[in-house]
Structure formats: C-alpha cells, structure tokens
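Contents: one structure, followed by commentary.
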Amino acid sequence: MIRLNSETPNEILQEVKIGDMVTDTFSKTGLVESIERNDDGLYRIFEFHLVTGRTITIKK
C-alpha cells in the first residue's frame, strides 16, 4: 500500500499506476482507477481517483 500525502516524494507520486492500493492515512483507501497530473505553473497537482468514487488530491 502506498501512502499519499504532501510529504510523499515526487518520484513516488510519478510511479503510482492504475490498480495500485493507496491511502491518504485518514479515510480514503482503495485501488487507483485513474490518475490526473497537472501543472498550473505554481503547483504540480496529482489527482488519484479511486474505485470507491473518492479522490486523493496532492499539491506540491
């Protein structure tokens, strides 16, 4: 299981793939259904959509 939060290194965030089990260490845990990676110029935004319908968003 991969723990995702603002302290997770970018290398780990880049390596997460569909089907991986992830958690935000609070209430969101599940398999990754899709991943969106965006860069708004100020932050790199990672959105991990889980099969449970929840989304883990990390801004770095």
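The values are calculated or read from the model by the stated rules, or taken from the named source; none is laboratory data. All figures in this text were calculated on a predicted structure; none of them were measured in a lab. Cβ: placed from backbone, ideal geometry, glycine included. Neighbour counts: every protein chain shown. For accessibility, only protein heavy atoms count, side chains too; no ligands or nucleic acids. Shrake-Rupley method; radii C 1.70, N 1.55, O 1.52, S 1.80 Å.
Structure notes:
- Within the chain, helix-based [θ] at 222 nm, where runs of 4 or more DSSP H residues each add -39,500 (n - 2.57), nearest 500: -2500 deg cm²/dmol
- Student exercise, the chain dipole from Lys, Arg, Asp, Glu Cβ charges, in Debye to nearest 20: 140 debye
- Local electrostatic count at Ile35 - Lys and Arg +1, Asp and Glu -1, tallied over other residues with Cβ under 12 Å: -3
- Excluding ligands, DNA and RNA, the accessible surface per residue across the chain is 66 Å² with a 1.4 Å probe.
- Phi-derived couplings, Karplus 6.51 cos²θ - 1.76 cosθ + 1.60 at θ = phi - 60°, listed residue by residue for region 3-9: 8, 10, 7, 5, 8, 5, x Hz, with x used for Gly and Pro.
- Packing rank of 9-19, 28-38, where each peptide gets the mean count of other beta carbons within 10 Å, highest leading: 28-38, 9-19
- Whole-percent carbon and sulfur share, accessible surface of the chain, 1.4 Å: 49 percent
- At 1.002 mPa s and 20 °C, Stokes D of the chain from Kirkwood alpha-carbon radius, µm² per second: 188 µm²/s
- Surrounding net charge for Asp24, when Lys and Arg each add one and Asp and Glu each subtract one, Cβ distance under 14 Å: +1
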